[in-house]
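The values are calculated or read from the model by the stated rules, or taken from the named source; none is laboratory data. These figures come from a predicted structure and were not determined experimentally. Neighbour counts run over all protein chains shown; Cβ positions are idealised from the backbone, glycine included. Remember, those area values only see protein heavy atoms, side chains included, never the ligands or the DNA or RNA. Shrake-Rupley method; radii C 1.70, N 1.55, O 1.52, S 1.80 Å.
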Amino acid sequence: MSSNQPPRAAAAPVGGGGTPDARQLRAILIAVSIALMAVIASVSGLNVAQTHMAVEWGASQTTVLWIINVYTLALAALLLPLGAIGDRLGRKPMLITGLIIFGAASVVAGLAPSAAVMIGARVAAGVSAAMIMPVTLAVITSTFPEEERGKAIGVWTGVAGGGGILGMFLSAFLVDVADWRWLFVLPVVLVAVALAMTLKSVPDSRERSTYSFDTIGALVSTIAVIGLIFVLQEGPERGWTDPVSLISLAVGVVAAIAFVAWELHRRDASLLDVRLFRERGLAGGSITLLVVFGVQAGIAVVLFPFFQAVLGWSGLLSTVAMMPMAIMMMMMSGLAPKVAAKIGARSTMTLGIALSALGLALMALFVSVDGGYLSILAGMLAMGIGMGLSMTPSTEAITSSLPRAKQGVASALNDVNREFGTALGVAMLGALLANGYRSAIDDKLGGIPQGAADTAREGIANAVGVAPSTGSHAQDLIHTAQQSFVDGWQQAMWAGVAVMGVLLVYVALRGPKGSDLAIADEAETTETVAVR
């Protein structure tokens, strides 16, 4: 961090009785991790039930996608405002309220009689998730003493990074052995456990500021995020030149510019002090998380059709196949603070990014239809290790760049980077894969009936579905589609390598300095209040 940072301070006492002991800290970490897991699992879990919802309600694919995407849209849009409100009103009350609403919304979703009710429940779940997610990290950064904070952030980061894959596995298992509505049992159970542990173990803290709440900044940031996330979600489906996509992009960009201008005007009274992006920690950590989570989400978009359409695996087996990468990511997230203590935060992030790029390159080089799962396993493992090493110091760099009074905002910024990266990665790598597939298959459909050929060009799943109608050409069409998918895969992977290469150079030159990241404190403008 640069030398013009505000003075640094150790963790403030909580609970009115000093710093919690090791047992209390462990209980706090478990509570917030379970709460985070409920939120993360709900982002990806419903993907495995798309067909079931469409059949039961006679819903269009657009409606089904809205059921899935509206949760992420509401979550991303409200992270910054609700993170800031949690800092002021109290982190424990915000967490408890969010958990109660989230649990109730999950129950309604599980019993929803129609797609309209489901969409309403998902909106409520997304809003409450935005109450929960930033608070979970803010509780860690405001409660744990400096010497323990890095390890706790490592655990949080591991859950945030690998929780989506774990949640998808559990969801796929429930769909296979029971019914798709049982998907919502998982978040309800997690919420119940997290709520009980929060009431018992999590201390409360809030910040009293001499400045009024930045209402205009909160509203403009919400509009900006909605516009930008919406275009990333809808652009691939509607088309990037569709009027709705263009209007959404324009609204998002204009609102983002207005937000920066307003926050510069508000200065110390801003919702998010954008001047701090001049600091290596905040800028480097934010960009790293944006790219890493984008690549992770994009990889998932590529891997699942490879497992299911190329290898012919079930949804459950496909999620099991993703577990080695998730496990390595979670393990290395926990080890990253120790590595950073020895070689520095910047070196740890650089190493992690380099390993992630290596993983992408290995998958691009060795993926093949005949090689199957083993042809990509080494790349997946390298990706998991690299992402785990890079995410924890990036998260700590962000939280250490903002003062203690704004740890909810710092945590929310971390989460916004994650959500933007996820949406961007899915849109961009998904588009590269689709374009690469179409380019590769276009010249290989000679002899295939025109209607079947047009269907096959839409995607590998379409090609596999239409193949039986082509008679003697069925096996050739399937093999052609599989090989074309692999060709598109390689294009997407090499694009990912290029992006990670640029990030590698940036972090190596401009990443956070040092291994000892401490939260800044602004004692002259805020007062920390710790209560039970």
Inset, instruction - Please state, to two decimals, what the Cα-based radius of gyration of the range 22-120 comes to when divided by 2.2 N^0.38 Å (N = residues). - result: 1.27
Inset, instruction - With runs of 4+ DSSP H residues as the only contributors, calculate the mean residue ellipticity of the chain at 222 nm using -39,500 (n - 2.57) per run, divided by the residue total and rounded to the nearest 500. - result: -26500 deg cm²/dmol
Legend entry - Relative contact order of the chain, pairs being alpha-carbon contacts under 8 Å that are 6 or more residues apart, as %: 23 percent
Inset, instruction - Return the carbon/sulfur percentage of the accessible area of the range 242-380, one whole number, probe 1.4 Å, all protein chains in place. - result: 74 percent
Inset, instruction - Place +1 on the Cβ of every Lys and Arg and -1 on the Cβ of every Asp and Glu in the chain, take the dipole about the Cα centre, and give the residue among ALA508, SER205, LEU78 whose Cα lies farthest towards its positive end. - result: SER205
Legend entry - Sorted peptide list for 421-428, 301-308, 441-448, criterion being average Cβ within 10 angstrom, highest first: 421-428, 301-308, 441-448
Inset, instruction - Given the peptides 228-240, 322-334, arrange them by the average over their residues of other C-beta atoms within 10 Å, most packed first. - result: 322-334, 228-240
Legend entry - Proximal aspartates and glutamates to LYS338, defined as alpha-carbon separation beneath 20 angstrom and excluding residues fewer than eight positions away on the same chain: GLU146, GLU147, GLU148, GLU396, ASP516
Inset, instruction - Please say if the range 96-248 is rounded, prolate or oblate, where rounded means a/c under 1.5 for a ≥ b ≥ c the square roots of the C-alpha gyration tensor eigenvalues, and otherwise the choice is prolate for a/b larger than b/c and oblate otherwise? - result: oblate
Legend entry - All Cα pairs of the range 169-243, percent lying beyond 19 Å: 71 percent
Legend entry - Given charges at beta-carbon only (K, R positive; D, E negative), |dipole| of the range 153-309 in Debye: 380 debye
Inset, instruction - With a ≥ b ≥ c taken as the square roots of the eigenvalues of the C-alpha gyration tensor of the range 382-458, please select rounded if a/c is under 1.5 and otherwise prolate if a/b is larger than b/c or oblate if it is not? - result: prolate
Legend entry - Degrees, to the nearest 10: 22-44 long Cα axis against longest axis of the chain: 30 degrees
Legend entry - Sequence ranges 111-118, 25-32, ranked by mean other-Cβ count within 10 angstrom, highest first: 25-32, 111-118
Legend entry - Simple spin-label estimate for ASP21 and LEU311 in nanometres, 7 Å along Cα-Cβ: 4.8 nm
Inset, instruction - Starting from the Cα gyration tensor of the range 288-406, multiply each eigenvalue by 5, take the square root, and state the resulting semi-axes largest first in whole Å. - result: 30, 14, 11
Legend entry - ³J(HN,Hα) computed for each position of the range 331-345 - Karplus, 6.51 cos²θ - 1.76 cosθ + 1.60, integer Hz, glycine/proline x: 5, 6, 4, x, 7, 4, x, 5, 5, 5, 5, 8, 10, x, 5
Legend entry - Assigned charges on the beta-carbon of Lys, Arg, Asp, Glu; the range 102-224 dipole about Cα centre (debye): 180 debye
Inset, instruction - Report the full-extension gain for the segment ASP176 to VAL260: residue separation times 0.36 nm, less the Cα-Cα distance, to one decimal in nm. - result: 25.5 nm
Inset, instruction - Would you kindly work out the equivalent ellipsoid of the range 251-302 from its C-alpha gyration tensor and give its semi-axes, the square roots of five times the eigenvalues, largest first in whole Å? - result: 27, 16, 7
Inset, instruction - Filter the cross-link list LYS200/LYS406; LYS92/LYS513; LYS200/LYS513; LYS151/LYS513 down to pairs whose alpha-carbon distance in this structure exceeds 27 Å. - result: LYS92/LYS513; LYS200/LYS513
Inset, instruction - About the Cα centre of the range 315-472, how large is the charge dipole given +1 on each Lys and Arg Cβ and -1 on each Asp and Glu Cβ? Please answer in debye to the nearest 20. - result: 680 debye
Inset, instruction - Might you work out the accessible area of HIS479 for me, using a 1.4 Å probe with all protein chains in place, and round it to the nearest 10 Å²? - result: 100 Å²
Inset, instruction - Could you tell me, in Å, what Rg and Dmax come out for the Cα atoms of the chain? - result: 23.0, 79
